[in-house]
1. Just grab the label-to-label distance for residue 354 and residue 43, each label 7 Å out from Cα along the Cβ direction, in nm (one decimal).
2. Given the C-alpha centroids of the stretch 181-244 and the stretch 268-334, what is the distance between them in whole angstrom?
3. Once the Cα atoms of helix 271-292 and of the chain are each reduced to a long axis, what angle between those two axes, in degrees from 0 to 90 to the nearest 10, is obtained?
4. Order these by the 10 Å Cβ neighbour count, fewest first: 151, 200, 267.
5. Relative to the first principal axis of the alpha-carbon coordinates of the chain, what is the inclination of helix 95-111, with its axis defined by its Cα atoms, in degrees from 0 to 90 and to the nearest 10?
6. Give the Rg (one decimal place) followed by the Dmax (whole number) of the stretch 251-381, computed from C-alpha coordinates and expressed in Å.
7. Using the eigenvalues of the Cα gyration tensor, what equivalent ellipsoid semi-axes result for the stretch 28-101 when each is taken as the square root of five times the eigenvalue, whole Å, largest first?
8. Run the numbers for residue 287 and residue 18: contour at 0.36 nm per residue of separation, minus the present Cα-Cα distance, in nm.
């Protein structure tokens, strides 16, 4: 039995926002805010907000642009959030399912399969537009998959590697031989575009990966996985269905009257702590995983890392492979896509898996809130 990644698919949203566009909107908001609170700021009762810049964004993150599902609302200084109309469940395809279906169809076409060939679908990502029914089951219905299983799972930015591990377990457990793992992210909907430290981080995207149990291997064989979690609040998003009850309990507002997101419950991170704490642990997990499989780091031909931050990618590469490591070993897509959470290492894999020889060893690694870290060893067939 060889469990292999045989195809991937990528759905790219219709709109792109450059750093310059994002900064212009943000700075307009800052000017309006500072003018509105001018008296308090002058009295020292409130801190003035600072402008952002395209140069600052690229320096601290490596991001130059991002793809989004809706652009006007994000760039409107009075809104600064994607404006996405509600779709009637059951009568229209939900927006997450629509994105996932596009990526999945591309992957199926590449693998020479149809939806009827699938035994399972797992949607693994950071944020879901609803609690239930599962987005995966909706996709199962629309792709024409008959029987089998479908479910959603959330391990934040690590969801892709954890999802691959779940697929391998399902195949080994006899639940199917052809399973799709999807990462669908509308990250802009959970991002506070009024926070200078993070307003530039995320973009939207969807990816799909086909994993098959084959007698004659092809693509990339999944050697094994290593998963790790540790509780931390340094990366969090607390927005959820209990907000209504919490508001009522605090007697601050009646939920139906709320017209703006609760911004302090949206995505929030302590970037410096995350960098200091996560990078060494990621390097340790990958190095340990290699050692357990008697693989020298010098044997790695490709590292598809979570595209959280260009500086993090560089540090992890140098720590694992060596300070003089060839940067092409860890290809990046963050400049074009920004951080796309769970989907990011799959985009890197999708875009940069050519030029490898049979037997070449590679690793896909993701890391994020939790903390959570997943490492998947892959061998080119």
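Only the coordinates and a few stated rules stand behind these numbers; no lab work does. Source: prediction; values computed, not measured. Ideal geometry is used to build each Cβ from the backbone, glycine not excepted, and the neighbour counts take in all protein chains shown.
1. Modelled inter-label distance: 6.4 nm.
2. 17
3. 10
4. Details: 151 15, 200 28, 267 23.
Least crowded to most crowded, the residues run 151, 267, 200.
5. Once rounded, the angle reads 20 degrees.
6. In order Rg, Dmax, the Cα atoms of the stretch 251-381 give 17.8, 63 Å.
7. Working: eigenvalues 247, 73, 15 Å².
Semi-axis lengths for the stretch 28-101 are 35, 19, 9 Å.
8. Full-extension gain reported as 93.2 nm.
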